[in-house]
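Peer 1: I have a structure I would like to understand better, so I am pasting it below and will then ask my questions one at a time.
The values are calculated or read from the model by the stated rules, or taken from the named source; none is laboratory data. Given the structure is predicted, the values throughout are model-derived calculations rather than measurements. For neighbour counting, all protein chains shown are included, and Cβ atoms are generated from backbone atoms with ideal geometry for every residue, glycine included. Note: accessible area is taken over every heavy atom of the protein model, side chains too, but ligands, DNA and RNA are not part of it. Shrake-Rupley method; radii C 1.70, N 1.55, O 1.52, S 1.80 Å.
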Amino acid sequence: MTEQAPVQARLLALTSRPLNRRTVLRLGAGAVGSLAAGALLSACGGEPETPRDSAPTSTSAPGTQVSPTAGMAATPASSPATGEPAHGGELIYALSSDPPNLDPHISTGTAARCVKLQLYNGLLRYGVDGELLPDLAAEWEISDDGLQYTVVLREGVTFHDGTPVTAEDVKVSIERIQDEATGATRKVEMSTISEITVEDEQTIVFRLAQPHAALLEYFAHPETAILSKKFLESGGDPNTTAVGTGPFKLISREPGVRIEVERNQSYHHEGRPYLDRIVFIPYQDENTRVSAVKGGDAHIADYVPWKDMQSIESDPSLQLATGENSAFMCVQYNVRVKPFDDPKVRVALSYAYDRKAIIDAAFFGRAVEITGGVIPPQSWAYNKELEGTYTYDPDKAKQLLAEAGYANGFSVTLMSTSQYGMHQSTAQVVQNNLQAIGIDCKLELYDWQTVVQKHTKGEYQFRIHGLAPEVLDPDFLTNFFATGSPHSKSTGFSDEEIDRLLQEGRATQGQEQRKDIYKRLEQRILELAPWTFLVYRQDGEALRKEVQGYQHLPGALGFFSGIMLQETWLQK
């Protein structure tokens, strides 16, 4: 039976009774629309034409059962694809960094995630417009109190070694994320799950300690991918090898040299991927990486330097795939060390940074200032009233430093990386800004892997970082500021009021009530300034003209764009 057969069977049953909102959510509006047109069984690129209920969101009402359309998205409408997609071919991908590991539960940067997205799947996934779609899950039901999620898995899915995917694999994977020893990126988000019960091979029940308005979005996150229980219990090391369910299988890995993956012939999204093979080659020097695409040695390069974007856009043999407000640059303070243990100092420095200079020096005008909260303007939780909280005012910065007892400044070391030009240029502007107000600021530049290691261990005074919300729900702030989160462990920052507001925002279902909670939360963050937000930037990839079907996902989801490689094909 094909993966769409169960949907078609339920469509036939629907014809004999009225449709209500619960039924629409149960089947997905795409399936309901197919009763009339037969054309909405897969989500397409561009703006959705169906109502918002056409795809479930993290705020789907409790007590609803959701089984949205199961087909993979068609080639995005905004893609420059011409003609029918062609199977076959080998694509060379120039990565900005060699993945430190292959463990899908531990985030080590966008370059590493791009590789992992080829090897693994989660219960859900994001579509090209940010809608939530099923992946390993076929359908799910949320109890009326929001405390129980029952998930039914897609039938017939196997891992790369041929082992069937079962509810036991899901249970082991989520418990591994919850385990402190794993060091999983989404431990805090998954910790709200208090009990996991396997009902049968295809059905698993999650019991929550409290409602979690964004849980479904985290089930679509790459760092909650499903691993094989058999692989883990046999001693398999996901750091060095992979047995997943993804569109491609791992063939070989030479650290620092190349990673090769080949088409998974048994992939559960029929007809995908189109490519036979992808070879990932790390080019740590961004100029060499861009030259590889321009010269035809690579088909795609990530993290296009902003200085090169214009030339790529104007080159008829190339394409530039970009997204606005995809990530933000910030200063993170290690509050364990003086003087950053004092919020008065952190607030003072938040007035010292020239954000416009950063936009010009690091992003060649392709960025916007952040002077208020970090929730982006496209979010329903965005609060315009917070704009203007921190503007460039070096005199005020000096005044506040004097009030904090540092009229003569102090000596500090700023950590950044030379591997990414945007990090280095941002750091140089910040260094100059601090020196201008009497602070002796030394800049230390490392390769990216060293920065990741030092960040994890908290071995720095303060640093430049580039991050993305990574889920559309404002609950993304939990991963940044909740006590026990990876960033909290790195910076040492913890605040009871912030923790309380994060929990309240997660447990509340009404959007207007949540918006008020996140307004108060962002106000508290700005008052304590554990981080200073600088700019939201544009990001993108350079592609050869023959690369078709690829799309940079919108906003913060841009860092999940590696999922589009299963939609990518080469024009012959």
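Peer 1: Which value results for Rg/Rh of the stretch 156-271 when Rg is the Cα radius of gyration and Rh the Kirkwood radius based on the inverse mean 1/r? Can you show the working numbers first?
Peer 2: On the way: Rg = 15.2 Å, Rh = 15.5 Å.
With Rh from the inverse mean 1/r over Cα pairs, Rg/Rh is 0.98.
Peer 1: Please provide three numbers in whole Å: the alpha-carbon extents of the stretch 419-464 along the principal axes, with the largest listed first.
Peer 2: Cα extents, longest axis first: 31, 22, 11 Å.
Peer 1: While we're on this one: Using all Cα-Cα distances in the stretch 518-572, what percent lands in each 5 angstrom bin from 0 up to the longest?
Peer 2: The calculated distribution, bin by bin, is 4, 15, 17, 15, 12, 10, 8, 7, 7, 4, 1, 0.
Peer 1: Restricting to DSSP loop positions (anything but H, G, I, E, B) with no more than 12 other Cβ atoms inside 10 Å of their own Cβ, which GluC sites (Glu not before Pro) remain in the stretch 134-207? Intermediate results must be reported in sequence, preceding the final value.
Peer 2: On the way: sites: 139, 141, 155, 168, 175, 180, 189, 195, 199, 201; in loops: 155, 201.
The qualifying sites: there are none.
Peer 1: How many Å² of accessible area per residue for the chain, probe 1.4 Å? Spell out each step's value before the answer.
Peer 2: Numbers: 21170 Å² over 572 residues.
Averaged over the residues of the chain, the accessible area is 37 Å².
Peer 1: Tabulate in residue order the Karplus-calculated ³J(HN,Hα) for the stretch 377-390, using 6.51 cos²θ - 1.76 cosθ + 1.60 with θ = phi - 60°, rounded to whole Hz; enter x for Gly and Pro.
Peer 2: Once rounded to whole Hz, the list reads x, 6, 7, 5, 9, 4, 10, 5, 4, 7, 4, x, 4, 10.
Peer 1: If I take every Cα pair under 8 Å that is 6 or more residues apart in the stretch 172-290, average their sequence separation and divide by the length, what percent do I get for the relative contact order?
Peer 2: This gives 15 percent for the stretch 172-290.
Peer 1: Also, quick follow-up: Can you tell me, using C-alpha contacts under 8 Å and at least 6 residues apart, the relative contact order of the chain as a whole percent?
Peer 2: 19 percent
Peer 1: Expressed in whole Å with the largest first, what are the equivalent ellipsoid semi-axes of the stretch 290-432 derived from the C-alpha gyration tensor as the square root of 5 times each eigenvalue?
Peer 2: Semi-axes, largest first: 35, 18, 13 Å.
Peer 1: Starting from 0.36 nm per residue, how many nanometres of slack lie between residue 87 and residue 410 once their C-alpha separation is accounted for?
Peer 2: 110.2 nm
Peer 1: About the Cα centre of the chain, how large is the charge dipole given +1 on each Lys and Arg Cβ and -1 on each Asp and Glu Cβ? Please answer in debye to the nearest 20.
Peer 2: Numbers: 52 positive and 74 negative charges, 83 e Å.
For the chain, the charge dipole is close to 400 debye.
Peer 1: Please report the carbon-and-sulfur percent of the accessible area for the chain; probe 1.4 Å, protein heavy atoms only, DNA, RNA and ligands left out.
Peer 2: 48 percent
Peer 1: Also: Calculate how many DSSP beta bridges within the chain are antiparallel, expressed in % of all such bridges and rounded to the nearest 5. Intermediate values should be presented prior to the final figure.
Peer 2: Working: 57 of 74 bridges.
Of the beta bridges lying entirely in the chain, close to 75 percent run antiparallel.
Peer 1: Find which of 132, 563, 420 sits farthest along the positive direction of the dipole of the chain, computed with +1 on the beta-carbon of Lys and Arg, -1 on that of Asp and Glu, about the Cα centre.
Peer 2: 420
Peer 1: For the chain, build the charge dipole from Cβ charges (+1 Lys, Arg; -1 Asp, Glu) around the Cα centre, then report which of 531, 329, 439 sits farthest towards its positive end.
Peer 2: The one lying farthest along the dipole's positive direction is 439.
Peer 1: Between residue 145 and residue 453, what is the label-to-label distance in nm when each label sits 7 Å out along the Cα-to-Cβ direction?
Peer 2: Spacing of the two 7 Å Cα→Cβ label points: 4.9 nm.
Peer 1: Could you give each residue of the stretch 196-203 its phi-based ³J(HN,Hα) in whole Hz, using Karplus coefficients 6.51, -1.76, 1.60 with θ = phi - 60°, and x for Gly or Pro?
Peer 2: With the stated coefficients, the stretch 196-203 comes to 10, 10, 8, 7, 7, 4, 10, 10 Hz.
Peer 1: Right, here's the next one. Summarise the long-distance tail of P(r) for the stretch 377-458 by giving the % of C-alpha pairs beyond 21 Å. Before the final figure, lay out the partial values.
Peer 2: Numbers: 1652 of 3321 pairs.
Distances greater than 21 Å cover 50 percent of the Cα pairs.
Peer 1: Show me, for the stretch 263-269, the HN-Hα J-couplings you get by feeding each phi into the Karplus relation (A = 6.51, B = -1.76, C = 1.60, θ = phi - 60°), rounded to Hz, glycine and proline as x.
Peer 2: Ordered by residue, 3J(HN,Hα) equals 4, 7, 5, 9, 4, 7, 9 Hz.
Peer 1: Could you calculate, for the chain, the ratio of the Cα radius of gyration to the Kirkwood radius, expressed as Rg to Rh? Could the numbers behind the result be given before it?
Peer 2: Numbers: Rg = 23.6 Å, Rh = 24.5 Å.
Radius of gyration over Kirkwood radius for the chain works out to 0.96.
Peer 1: Give me the distance in nm between label points sitting 7 Å out from Cα along the Cα-to-Cβ direction at residue 393 and residue 168, one decimal.
Peer 2: Here the modelled spin labels are 6.3 nm apart.
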